[in-house]
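A.B. asks: One structure coming up, written as structure tokens, with questions to follow.
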Amino acid sequence: MDKNKLWKWMLLALLVIWSFALVTPLDQKVKLGLDLKGGSSFVVEVDALDVARKMVESGEAESIESISEAKLKEQVTAVQEIAVEVIRNRIDVLGTSEPEIYPEGEARIVVRLPGADAETRAEAKGQISRDAVLSFKLVHTESDAWVSELQSSGKVPLGYIVAGQDRTGPFYIRDHAAVHDDQIDRAFRERLKRFGNKSADFMLMSDKLQDGSTVYRPVYVERRRQLGGDTVKDAFVAYDQMTGVPEISLEFNAEGKKEFGRVTEENVNRQLAVILDDTLYSAPNINEAIYGNASISGNFSVPEARRLVNVLRAGALPGRVTIVEERTVAPTLGQDSIDSGMKAIIYGGVSVLVFMALYYLVPGMIANLSLFFVLLLLPVGMVLSAGFLGVISGTLEGSNVGLPTLTLYGIAGIVLTVGMAVDANVLIFERMREEWKVGKSISGSINAGYNKAFSTILDANVTTLLTAIILFWQGSGPIRGFAVTLSAGILVSMFIVLVMTRLFFNTLADSNMLKSLKMMSIPFLQNANFNILGGRKVAAVVSVLVIIGTWGLFLKKGDANFGVDFTGGSVITFEFDQKQDVEVIRSALSDAGFDTANIAHQATLEGDEFLQVKVGASGEEADVALLAVKGLPGNYVDIQNDSVGSQIGAELKSKGMWAIIWSLVGIIIYISIRFEFAYAMGAITALAHDVLITVGIFCAMGYELSMPIIAALLTIVGYSVNDTIVVFDRIREDIKLEKGMSYKEIANLSINQTLSRTVLTSLTTLLTVVMLLVFGGGAVKDFALALFIGILVGTYSSIFVATPVALLWHKEEKVK
């Protein structure tokens, strides 16, 4: 064996060993995403306006308007860094297994809780969203006068009514008819502060009368903060010795004790307001300077006091954060996704293996062997792809290169890799068949087949890799997982097909074990001589009519074409023991304030049925809809919840559009360099055609666009340009061989020569996509449907659209 072959065999062996080391033992090395393992994820965003307010309170700025954009941006980033650690400390208290908490962008934080059940999820959500911002402020010296002024004018804040007065002053009780408890949120408290239009914040302090009833006493508090929660060293629950009511005792650090002493010393005979999360808990009189610790008294229950202690111990958030995206998958649904994904991989792989063995015979068996090695080396490819994509997108931190988390869309990428890995083999085999037919030897046919197919395979895979890079750049979460898997599949399949499969063939040929390159064929595709370009005008009319028809429906439906990823809102999936009529569910949601909720029952192949509810609200507002359905008879349990804020939705829609645009621009540039501008225009027209028709048909069938569908569209773009490049590469080759013919005649010849390959590669890819369509669950089924439509349309456009458009630059011009 020569040294050239030996090092290739050694390289393959080393890569196989590395790949096994990456995934064994499976339960320790392969991490499953939330969509497979179950759990919850949250995206929280630092509230820039609140950060600006805090800067004013602390004296860093005179007013919000005086803060420069650069200074505010710097402060928001600083708050984000601290908030990551605070949230991590709070989540650690819950005992959640392997939580992932990390910053994203300049103002957001991602929190992932694998395997979290409903109770843990609810507790985590409360811990994340609770500010635990502790402030000590002074009650304004004019507070009593301003409260008396309000009383004289008869003005009362919305949601409250005057209930009486005692020696302490007037007090209110809640008016639940005007404002429900669920409506008293951050925004409500911010509005309440401005009540009375004074130079201090209007706040209400909860108190209990002798009869046990709860009342609220109005107080005006200065806006400047005297002391913050960052000086608290420890907190614990204590009990009032007289009443037994729980209270929270605070222990300051050295700096805190000093500052607390200064504040109390300078403000003897004034009231010190103790405020936690914009709620005034107490306002005791300062009788003398206090150089020790403090306590927060209020109408706490024991569980509430303990929760407050936990968040205070973990640390107060330096600025307010808001949950802008929430996604939840029940562990049972995650296991179902694993099962359906494995079925799709097995059935898709077996279908391709059987087809290749029956159609290509011995070469087909070698292709199947190469497919086995592609799957075997995929972990190595995923590590390399994750590192490469992380570096170019600027998301890689330090040495954080390892096997990426496997998601449901990652499994979809593996299934698609099986189909696309066969593409290069088919292209080479069809070339080898041509060389064998003209009388070349086995070795000569093998080498000529590989040499002539190399540039086509390279160009096709580079353009597909380009779309995967853009998908990773613009995507997030599971979509990035799909981009990593797709990139890994491209890199590994190119290495196996171009290097190792060729080595297999040459080894067999050199040892005389391969006697023939006999393969099956489709009779009408062999030596095809169809006047394909003669039908280009009819094809153009058909395409235009389909685009006009489907996009007419698309525009008529408007926002109904877009899922919550783009519009904002929530989609909640429930399982149940007893099915309720849609009208009963609609009535319950209507009573909860969701008159326009979208309600649908969905069935699986196994006969299971689920309820899916879509509402325009997100976060805490959507929780009202969730509780309304769970309150129905029939034991309704939420097993999946996708909640996206309107701001995130708008950003995702913009990212999706730009991802497609940048893909098309990149492909124009690459094809213009590798071929010529006319070919680039042909390719880009075909791709625009494919995207428009796929989106039109997909939405006309009643499905919604989401980020996974954008991922499918980018995959289609890569696949379609792959087909188109095969035709263009053959045209480029035939132009050198067929002198004196017109460009149109050469183009028609080239399309016929590659027709067999075009049909066969589409067929093998469709086999795997069909398995995803049949066995994939939920959103993956939608993803597979978009791919199915796109592959059919892409095959059509590579034949009837791309080349005719490129010919507009040459028309009846003869090749010289």
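The values are calculated or read from the model by the stated rules, or taken from the named source; none is laboratory data. Everything quoted here is computed from the prediction, not taken from an experiment. Every residue, glycine among them, receives a Cβ derived from its backbone with ideal geometry; neighbour counts consider all protein chains shown. Each accessible area value is taken on the protein alone, full model and side chains, heavy atoms only, with ligands, DNA and RNA left out. Shrake-Rupley method; radii C 1.70, N 1.55, O 1.52, S 1.80 Å.
A.B. asks: Test Leu371 against the stated conditions and say whether it is modelled with pLDDT under 80 and either over 30 Å from Thr417 (Cβ atoms) or under 35 Å from the mean Cα position of the chain (by Cα) (or both).
C.D. replies: When the stated conditions are applied, Leu371 does not pass them.
A.B. asks: In the range 39-61, which residues are on the phi < 0 side of the Ramachandran plot and part of a strand (DSSP E or B)?
C.D. replies: Passing the criteria: Ser40, Ser41, Phe42, Val43, Val44, Glu45, Val46.
A.B. asks: Restricting attention to the range 41-49, does a residue exist that is aromatic (Phe, Trp, Tyr) and open to solvent by less than 30 Å² (accessible area, probe 1.4 Å)?
C.D. replies: So far as the range 41-49 goes, yes, one or more of its residues are aromatic (Phe, Trp, Tyr) and open to solvent by less than 30 Å² (accessible area, probe 1.4 Å).
A.B. asks: For the range 6-38, what are the residues that are assigned to a helix (DSSP H, G or I) and touching a Ser or Thr at 6+ places or on another chain (Cβ under 8 Å)?
C.D. replies: Leu34, Asp35, Leu36
A.B. asks: So, one more: Across the range 121-145, what is the number of residues that are in a helix (DSSP H, G or I) and open to solvent by 40 Å² or more (accessible area, probe 1.4 Å)?
C.D. replies: Result for the range 121-145: 4.
A.B. asks: Would you confirm, using the coordinates I've provided, whether Val484 is of a type in the set (A, V, I, L, M, F, W, C), crowded, with 24+ Cβ neighbours inside 10 Å and in a helix (DSSP H, G or I)?
C.D. replies: Yes; evaluated as a whole, the condition is true for this residue.
A.B. asks: Please work out if Ala273 is buried (at least 19 other Cβ atoms within 10 Å of the Cβ), within 26 Å of Val51 (Cα to Cα) and modelled with pLDDT of 75 or more.
C.D. replies: Criteria met by Ala273.
A.B. asks: Enumerate the pairs (first residue in the range 483-510 and more than 16 Å from Ile366 (Cβ to Cβ) and of a type outside the set (Phe, Trp, Tyr); second residue anywhere and open to solvent by 10 Å² or more (accessible area, probe 1.4 Å) and not in a helix (DSSP H, G or I)) with beta-carbon separation below 7 Å, excluding pairs fewer than 6 apart on the same chain, so at least 6 apart or on different chains.
C.D. replies: Val484/Pro404
A.B. asks: Then there is this: Which condition number in (1) open to solvent by 50 Å² or more (accessible area, probe 1.4 Å); (2) in a helix (DSSP H, G or I) is the one that Ala509 fails?
C.D. replies: It is condition (1) that Ala509 fails.
A.B. asks: Now a separate question. With the condition kept exactly as written, say whether any residue in the range 489-505 is small (Gly, Ala, Ser), open to solvent by less than 10 Å² (accessible area, probe 1.4 Å), within 30 Å of Val665 (Cβ to Cβ) and under 20 Å from the mean Cα position of the chain (by Cα).
C.D. replies: no
A.B. asks: Hey, another quick one. Within the range 146-171, how many residues turn out to be assigned to a loop (DSSP other than H, G, I, E, B) and free of Cβ contacts under 8 Å to residues at least 12 places away in the same chain?
C.D. replies: Going through the range 146-171 one residue at a time, the tally reaches 2.
A.B. asks: Could you run through the range 424-443 and say how many residues are open to solvent by 30 Å² or more (accessible area, probe 1.4 Å) and in a helix (DSSP H, G or I)?
C.D. replies: Going through the range 424-443 one residue at a time, the tally reaches 4.
A.B. asks: Out of (1) within 23 Å of Lys208 (Cα to Cα); (2) at pLDDT below 90; (3) not small (Gly, Ala, Ser), what's the single condition that is false for Ile128?
C.D. replies: Of everything listed in (1) within 23 Å of Lys208 (Cα to Cα); (2) at pLDDT below 90; (3) not small (Gly, Ala, Ser), Ile128 misses just condition (1).
A.B. asks: Let me ask another. When the range 384-423 is examined, which residues are found to be modelled with pLDDT of 75 or more, in contact with a helix residue (DSSP H, G or I) (Cβ under 6 Å, 6 or more places away or on another chain), of a type outside the set (Val, Ile, Thr) and not in a helix (DSSP H, G or I)?
C.D. replies: Leu403, Pro404
A.B. asks: Residue under question is Ile735, and the condition is that it be over 31 Å from the mean Cα position of the chain (by Cα), of a type in the set (Val, Ile, Thr) and surrounded by fewer than 22 Cβ atoms within 10 Å (Cβ to Cβ); does it hold?
C.D. replies: Judged against the criteria, Ile735 is a match.
A.B. asks: Quick one: what pairs do we get from the range 346-366, first residue without any contact (Cβ under 8 Å) to a residue 40 or more places away in the chain, second buried (at least 17 other Cβ atoms within 10 Å of the Cβ), C-beta under 8 Å, 6+ apart or different chains?
C.D. replies: Sorted first by the residue in the range 346-366, then by its partner, the pairs are Leu353/Asn368; Leu353/Leu371; Ala357/Gly364; Ala357/Asn368; Met365/Met356.
A.B. asks: While we're here: Which of the residues that make up the range 231-253 are of a type in the set (Gly, Ala, Ser) and touching a residue at least 60 places away in the same chain (Cβ under 8 Å)?
C.D. replies: Ala235
A.B. asks: Determine the pairs where a residue that is of a type in the set (Val, Ile, Thr), located within the range 174-190, has a partner that is in a helix (DSSP H, G or I) and open to solvent by less than 100 Å² (accessible area, probe 1.4 Å) with Cβ atoms under 8 Å apart, the partner being 6 or more residues away or on another chain.
C.D. replies: So the pair list comes out as Val179/Phe188.
Results for (1) more than 30 Å from Ala509 (Cβ to Cβ); (2) open to solvent by 70 Å² or more (accessible area, probe 1.4 Å); (3) in contact (Cβ under 8 Å) with a residue 24 or more places away in the chain, shown as yes or no for each residue.
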{"residue": "Trp7", "(1), (2), (3)": "no, yes, no"}
{"residue": "Leu26", "(1), (2), (3)": "yes, yes, no"}
{"residue": "Asp35", "(1), (2), (3)": "yes, no, yes"}
{"residue": "Ser68", "(1), (2), (3)": "yes, no, no"}
{"residue": "Lys71", "(1), (2), (3)": "yes, yes, no"}
{"residue": "Glu81", "(1), (2), (3)": "yes, yes, no"}
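A.B. asks: Ile490 passes all but one of (1) outside any helix (DSSP H, G or I); (2) under 30 Å from Val43 (Cβ atoms); which number fails?
C.D. replies: (1)
A.B. asks: Filter the range 788-816 down to the residues that are modelled with pLDDT of 90 or more and in contact with a Lys or Arg (Cβ under 7 Å, 6 or more places away or on another chain) and list them by number.
C.D. replies: Phe800, Pro804
A.B. asks: Would you mind listing the strands (runs of 3 or more DSSP E) fully within the range 551-647 where at least 3 residues are open to solvent by less than 40 Å² (accessible area, probe 1.4 Å)?
C.D. replies: The qualifying strands (runs of 3 or more DSSP E) are 569-575, 609-615, 637-644.
A.B. asks: Hey, another quick one. Might you let me know whether the range 459-472 holds any residue that is free of Cβ contacts under 8 Å to residues at least 40 places away in the same chain and open to solvent by less than 10 Å² (accessible area, probe 1.4 Å)?
C.D. replies: no
A.B. asks: Got a number for residues in the range 256-288 being aliphatic (A, V, I, L, M), part of a loop (DSSP other than H, G, I, E, B) and within 49 Å of the chain's Cα centre (by Cα)?
C.D. replies: Result for the range 256-288: 1.
A.B. asks: Count, please, the residues in the range 661-696 that happen to be open to solvent by 50 Å² or more (accessible area, probe 1.4 Å), touching a residue at least 12 places away in the same chain (Cβ under 8 Å) and over 22 Å from His810 (Cα atoms).
C.D. replies: Of the residues in the range 661-696, 2 are open to solvent by 50 Å² or more (accessible area, probe 1.4 Å), touching a residue at least 12 places away in the same chain (Cβ under 8 Å) and over 22 Å from His810 (Cα atoms).
A.B. asks: For the range 474-525, enumerate the residues that are among the basic types (Lys, Arg), at pLDDT 85 or above and under 24 Å from Trp662 (Cα atoms).
C.D. replies: Scanning the range 474-525 gives no hits.
A.B. asks: Which ones in the range 239-253 are in a loop (DSSP other than H, G, I, E, B) and out of contact with any helix residue (DSSP H, G or I) (no Cβ under 7 Å at 6 or more places or on another chain)?
C.D. replies: Asp240, Gln241, Met242, Thr243, Gly244, Val245, listed by residue number.
A.B. asks: Another question, then. Name every residue in the range 151-167 that is within 15 Å of Ser213 (Cβ to Cβ) and either among the hydroxyl-bearing types (Ser, Thr, Tyr) or out of contact with any strand residue (DSSP E or B) (no Cβ under 8 Å at 6 or more places or on another chain) (or both), in order of residue number.
C.D. replies: If the condition is that a residue be within 15 Å of Ser213 (Cβ to Cβ) and either among the hydroxyl-bearing types (Ser, Thr, Tyr) or out of contact with any strand residue (DSSP E or B) (no Cβ under 8 Å at 6 or more places or on another chain) (or both), then Tyr160, Asp166 are the ones that fit.
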